[in-house]
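Just so you know, all these numbers are worked out from the coordinates, no wet-lab data involved. Predicted, not measured: the structure shown is a model, and the values here were computed from it. Note that each Cβ is placed from the backbone with ideal geometry, even for glycine, and that neighbours are counted across all protein chains shown.
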Amino acid sequence: MGTIFKTYSAILIFALCGLLLGNKCYCQKNGSGIRGKPEAVADAKAMVETMGGITLWAQLKSVHFVTEWYPCDRVDSYIENEILDLTGPRSWADRKSEINHILRVYSPEGKHWSIVNGKFSYASDDVLKEDMIRAPFNFYHLVKAIASGDPFYEVRFGTGDIPHTRRLEFYGPDGVMNGWVILNARKEPIVKGTAQYRYTLGPLKKFGNLYFPVWGVYDNGYTRYNLISATGDNKDPDMSLFIPPAEYMEN
């Protein structure tokens, strides 16, 4: 009975991932532009211009980040190499310090899996489901979507909790707001958030022809990061990265 239930759950998750990806791909091909009031759309586009421009971001398919993280509950900071796929809900993140090594990966094809100090495990189907819902509203997915005019999203103004600001709120086709950004007077991002997290962001720094917030602090101070490097690419990422190594694959 347990095997049947596990198989049934996996089928449901795979179907959900396919539905999300199918809707997303359809919208990108539609190309009618991100939805919303002209003033909100204009602010969103202005933000992308401060980060290197619509022409560049529209062509990106992935970004490789190298970041140093400082969680408050660990004695060690760690260096993270992340490959973020901008064409779908996929992330490959390798986190390493002198005493710990964690590889965390999620994708519709390979599920959510990790290798923690040599020990492999899959996350639950619920965790993967949350990954698939959250990923399209990752800040850099939003930047890419604005640049490419993806009508999957609607942008609206909301009330900012910083004086003299208002939020740019991003909604999916279901009318649910799952991501937001606060801009300063220069239209640069100073806060990014989803239903799960909020980060205050540092000033933009140039990496190649693109600009990224050079640091971030989690809302309650639990963790913070410094961006060491960021490299955009207009080629598809290596999809084999998102699949567990053969010796760990489920039968």
Original post:
Tell me, what ³J(HN,Hα) does each residue in the stretch 183-193 have, in order and in whole Hz, if you take phi through Karplus 6.51 cos²θ - 1.76 cosθ + 1.60 with θ = phi - 60° and put x for Gly and Pro?
Top reply: 10, 8, 5, 8, 6, 8, x, 10, 9, 10, x
Original post:
What full-extension length gain, to one decimal in nm, is calculated for C72 and K119 as 0.36 nm per residue of separation minus the Cα-Cα distance?
Top reply: 14.5 nm
Original post:
Of S97, A42, P213, which is farthest on the positive side of the dipole of the chain, counting Cα position, with +1 on Lys and Arg Cβ, -1 on Asp and Glu Cβ, and the Cα centre as origin?
Top reply: A42
**OP:** Just need the relative contact order of the chain here, percent rounded to a whole number, with Cα pairs under 8 Å and 6+ apart.
**Re:** 23
Original post:
GluC sites (Glu not before Pro) within the stretch 56-99: which are DSSP loop residues with at most 12 other Cβ atoms inside 10 Å?
Top reply: E98
Original post:
About its Cα centre, how strong a charge dipole does the stretch 2-248 have in debye, to the nearest 20, once Lys and Arg get +1 and Asp and Glu get -1 at the Cβ?
Top reply: 460
Subject >> Bins of 5 Å from zero: percent of alpha-carbon pairs in the stretch 70-214 >> reply: 2, 8, 15, 18, 20, 16, 12, 7, 2, 0
Original post:
Of the trypsin sites (Lys or Arg not before Pro) in the stretch 175-230, which ones lie in a loop per DSSP and count no more than 14 other C-beta atoms within 10 Å?
Top reply: R186
Subject >> the stretch 162-203: chymotrypsin sites (Phe, Trp or Tyr not before Pro) in DSSP loop, at most 14 other beta carbons within 10 Å >> reply: Y197
Original post:
Want the number for T55 to D126: 0.36 nm per residue separation, take away the alpha-carbon distance, what's left?
Top reply: 21.9 nm
Subject >> Gain upon complete extension [Y197, D238; 0.36 nm per residue less C-alpha separation] >> reply: 11.9 nm
Original post:
Would you list V143, V63, V116, V214 from fewest to most Cβ contacts within 10 Å?
Top reply: V116, V214, V63, V143
Subject >> Order by protection proxy (mean Cβ within 10 Å, highest first), peptides 130-139, 38-47 >> reply: 130-139, 38-47
Original post:
For the stretch 65-114, with only Lys/Arg (+1) and Asp/Glu (-1) charged at the beta-carbon, what is the dipole magnitude about the Cα centre, in debye rounded to 20?
Top reply: 180
Subject >> Positive-pole candidate from I54, P173, G232, dipole of the chain, charges at beta carbon >> reply: I54
**OP:** Could you please report the charge total around G193, scoring K, R as +1 and D, E as -1 over all other residues with beta-carbon less than 15 angstrom from its beta-carbon?
**Re:** +3
Original post:
What's the Kirkwood radius of the chain in Å, using all Cα pairs?
Top reply: 19.1
